[in-house]
1. How many angstrom separate the Cα center of the stretch 5-21 from the Cα center of the stretch 58-112?
2. What does the extension gain come out to for S367 and D207, with contour length at 0.36 nm per residue minus their alpha carbon separation?
3. HN-Hα J couplings of the stretch 202-217 from phi, Karplus 6.51/-1.76/1.60, θ = phi - 60°, integer Hz, Gly and Pro as x?
4. Hey, with R₀ at 30 Å, roughly what FRET efficiency would K200 and A61 work out to, going by the Cβ-Cβ distance, to 0.05?
5. Could you calculate the contour length gain from S264 to E410, that is, 0.36 nm times the residue separation minus the distance between their Cα atoms, to one decimal place in nm?
6. Pop out the Kirkwood hydrodynamic radius of the stretch 270-431 from its pairwise C-alpha distances, inverse of mean 1/r, in Å to one decimal.
7. Taking the DSSP beta bridges in the stretch 270-431 as the whole, what percent of them are antiparallel, to the nearest 5?
8. What is the dipole size for the chain, taken about its Cα centre, with +1 at each Lys and Arg Cβ and -1 at each Asp and Glu Cβ, in debye to the nearest 20?
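The values are calculated or read from the model by the stated rules, or taken from the named source; none is laboratory data. No experiment lies behind these values; they were computed from the predicted model shown. Ideal geometry is used to build each Cβ from the backbone, glycine not excepted, and the neighbour counts take in all protein chains shown. Ligands, DNA and RNA are stripped out before the accessible areas are found, and what is left, the full protein with its side chains, is counted by its heavy atoms. Shrake-Rupley method; radii C 1.70, N 1.55, O 1.52, S 1.80 Å.
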Amino acid sequence: MNVVIVGAQWGDEGKGKVVDLYSAKASVIVRYQGGNNAGHTLVVGGKKTVLHLIPSGVLHAGKRCMIANGVVFDPAVFFEEVESLAESGVFKGAPSDVIWVSERAHVILPYHRLLDKLREEHAAKSKGKIGTTVRGIGPAYEDKVARRGIQVIDLIRPELLKTKLIRALEEKNILLKHLFGAEAVDFEPVYKECLRLGEKLKPYIRDVRADLTAALKNKEKILFEGAQGTLLDVDHGTYPFVTSSSTVSGGAMTGTGLGPSAISEVIGITKAYTTRVGTGPFPTEIEVTEKETAEKIRAIGAEYGATTGRPRRVGWLDLVALKYAVEVNGMTGLALMKSDVLCDFKELRLCVAYDLDGKRLNSLPSSGEDLERVKPVYETVKGWGAFPAAGITKLSELPQDFIDYIKKIEAFVGVSVVLISSGPGREQTLELKQVW
Ligand code: GDP
């Protein structure tokens, strides 16, 4: 029994909390896509740790955390996180006993970060900014697909690394100098730094695919930790305002090298409302139409990015988009997060269709331009009032109006809510179905 956790919206749904809960029961927790553009805030022994790259399962003793082939890997960020975790006393033995990095993961290099930043600045002039986290994720994935990427294993093969880096820089420097008017990147310091980090990384580097296959054979429980969200998927999201990887459950297969038969549950994480960071279509956004409500939700829900600190755009729950996410992920259940944030509202809205130029749409249009123009068709529902101070922990504590809200969601999207989260704490959770 292995479980994939995916974001059902545009990311920031609260995956970190569910990963933390499910990790307690898993043996192996694996990141399969994205890079250090994810962000989970965790508090251990009173010390706050923000993990962007290492699976948050690392906080549970005795778990193995893997960074698989499909991740783009920034070694400098990795060591910052390892050191911060070590200071918190997380590791009983060597960190490399519990954190393994795939030989095949692609490496984020300084020129990827630089290009990411310059591209966003350049695009901002023509309003084409994507709103990336400027951590070099997109440019690293571009190099991977263009077959000029540098993989983790190359960091410990000095001659091969030299050849690959020279080839990569030749092209990058033309772009940097002539398209963006920036300084060229010198080979020598980048090469030296890669070798230094490669040497330090040696104990962590493994054939993670083979390790996962062995875990599967041993019937160990594997938790696939998705990052970002379905609507940011490069194939299925609101292109081009997407991330550069496969955030949907299929990405867990391509990103690890295990087959679909390894998966028994796909749990989609959704908030009781919707947020989005960065630019791009967002049909139920209420920043202009219901400004005060948006501000209130943002304030109560602390809707500011864990990675960038940017205020998140806020809107009502979009059932059309959620149903789409259920379909493209083959979800078997939903975790409904942050329902406590809506406690103060007398009325809530659920988007049940879109209107495009007077035509009713019941599914997500393929064109991002169309999605930008649709008007949401809402159903207004009653709010549910206050929750118990400690959050919802028992079925008997669920207000009837909240049960009705959940039933509407389930009927529309076709899967059941398996977990209700009513606060950031572990205990502020009601598991309606145990996935393990
Ligand atoms: P992720 O990237 O999907 O893990 O989401 P983030 O970590 O960016 O956002 C989740 C934030 O919401 C974290 O600060 C959590 O502590 C918090 N959170 C998670 N679940 C709940 C909930 O049910 N209620 C409230 N109020 N906060 C929650």
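1. The stretch 5-21 and the stretch 58-112 have Cα centres separated by 20 Å.
2. Working: separation 160, 0.36 × 160 = 57.60 nm, distance 3.93 nm.
Working it through step by step, the gained length comes to 53.7 nm.
3. 3J(HN,Hα) across the stretch 202-217, in whole Hz: 2, x, 8, 7, 8, 8, 5, 4, 5, 4, 5, 4, 5, 4, 4, 4.
4. On the way: r = 24 Å, r/R0 = 0.80.
It comes out at approximately 0.80.
5. Details: separation 146, 0.36 × 146 = 52.56 nm, distance 1.99 nm.
That works out to 50.6 nm of additional length.
6. On the way: mean 1/r = 0.0610 Å⁻¹.
In the stretch 270-431 this quantity evaluates to 16.4 Å.
7. Working: 19 of 26 bridges.
Around 75 percent of the beta bridges assigned by DSSP in the stretch 270-431 are antiparallel ones.
8. Numbers: 57 positive and 54 negative charges, 111 e Å.
The calculated dipole for the chain is roughly 540 debye.
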